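Taking it in order: structure first as structure tokens, then the write-up.
FYI, it's all coordinate maths here, none of it is from the lab. None of the values given here were measured: they were computed from a predicted structure. Cβ placement follows ideal geometry from the backbone for every residue including glycine, while neighbour counts extend to all protein chains displayed.
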Amino acid sequence: MTTNEKVLKAFHSIKDVGSDRSISELGWLKIVSVIPPKIVVRLNLPDFAQAQRDRIANDIRENIKFLEGIEEVQIEIGNLSSSDQSPIGQAGHGGQSPGLNPIPNVKHVLAISSGKGGVGKSTISVNLACALSQKGFKVGLLDADIYGPNTPYMLGVSEITPEVSGSGAEQKIIPIETCGIGMVSMGLLIDQNQPVIWRGPMLNGIIRQFLYQASWGERDFLIVDLPPGTGDAQLSLAQSVPMAGVIIVTTPQNVSLQDSRRGLAMFKQMNIPILGVIENMTYFIPPDQPEKSYEIFGSGGGQQLANENNVPLLAQIPIESDIYSGTGRDLPVVYTSRASITAKVFLELAETLCQLVSFK
């Protein structure tokens, strides 16, 4: 192992609190010279990470204690500009800024995010989109979960291939119109059993295509269903288009709560408004005893996350087992069972959301 490699390994444990990625992986740290007993490094931080500068610099100084023969570190502080190159996914570039490109005729872009998989984020995205549509708004749904695109199945259109218009640079994908919304997803473009094995740049490219090369037309809302975690898809969205805000989805369980904190912290660092928290699977309603409810996954997690970050708890979504549409397809409960408790919660959520973004 070379001396430079030893230096990088020593600093690998220093991480960005939002994405939980190493500063060397993000491209924020560059070795200028290593001449024992002194090393010189340059710390280039994007705007959204400047608040971490002192903490990261102190961690760098602490970590040289573990390097044999190194007694001093000189840290040069800079800013990570758009011309700097960072690793896969360009994860080191800055967050939201005034220079982002809005989507023509799309008024509000709202992201639905979670720290971990399995919390029902896509279910929330689909039903919220349908609820907004039933309020009279024109709604689009972008499934940005490239590796696990589930929204086509949830909307009963997994067998449909979207049309494409134009050619070359003018080529546009036509969203599938179903359940009152227009939807674009990677799941519409690949076989159901085909894996998506892509690195960061390819993923960023397809998300930008879905944003800017889909014929969204006039939309009051574009709901973006993000994949779990704090990775390339989240950064690509935040660095591409102005966003009205993000909603964090969690369940009452502690493990979900811990992961959701990381995702929420990342969006806060990128100056994206946190509209609030949705707690999914809050309680179970027995089909034969609708007057009863059971907190099978614990309680209080969503409220705790909201209180910690001074944001509202927007909704608590129950589990109901008697909302199957009977059509042979899994369709959103808001679309098939408007009288159910779950559908009513989503419709109230849509009303609350309109007030939060000051919709006009």
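Using r as the Cβ-Cβ distance of residue 100 and residue 40, and R0 as 25 Å, what FRET efficiency do you calculate, to the nearest 0.05? Walk me through the intermediate numbers first.
Numbers: r = 35 Å, r/R0 = 1.38.
Computed FRET efficiency for residue 100 and residue 40: 0.15.
Excluding same-chain neighbours fewer than eight residues apart, the lysines reachable from residue 6 by a Cα-Cα span under 22 Å are 15, 30, 38, 65. Distance between the pseudo-spin-label points of residue 348 and residue 17 (7 Å out from Cα toward the beta carbon): 3.4 nm. Subtracting the Cα-Cα distance of residue 356 and residue 338 from 0.36 nm times their residue separation leaves 4.1 nm of extension gain. Multiplying the residue separation of residue 215 and residue 172 by 0.36 nm and subtracting their alpha-carbon distance yields 14.9 nm.
Each principal axis of the Cα cloud of region 106-356 was evaluated for its coordinate range; sorted largest first, these ranges are 57, 44, 36 Å.
Shown here for region 273-304: GluC sites (Glu not before Pro) in loop regions (DSSP other than H, G, I, E, B) with at most 15 other Cβ atoms within 10 Å, namely 291, 295. Averaged over residues, the count of other Cβ atoms within 10 Å places the peptides 216-226, 64-74, 309-319 in the sequence 216-226, 309-319, 64-74, highest first.
Loop-located GluC sites (Glu not before Pro) across region 121-171 with a Cβ neighbour count of 10 or fewer within 10 Å are 159, with loop assigned by DSSP.
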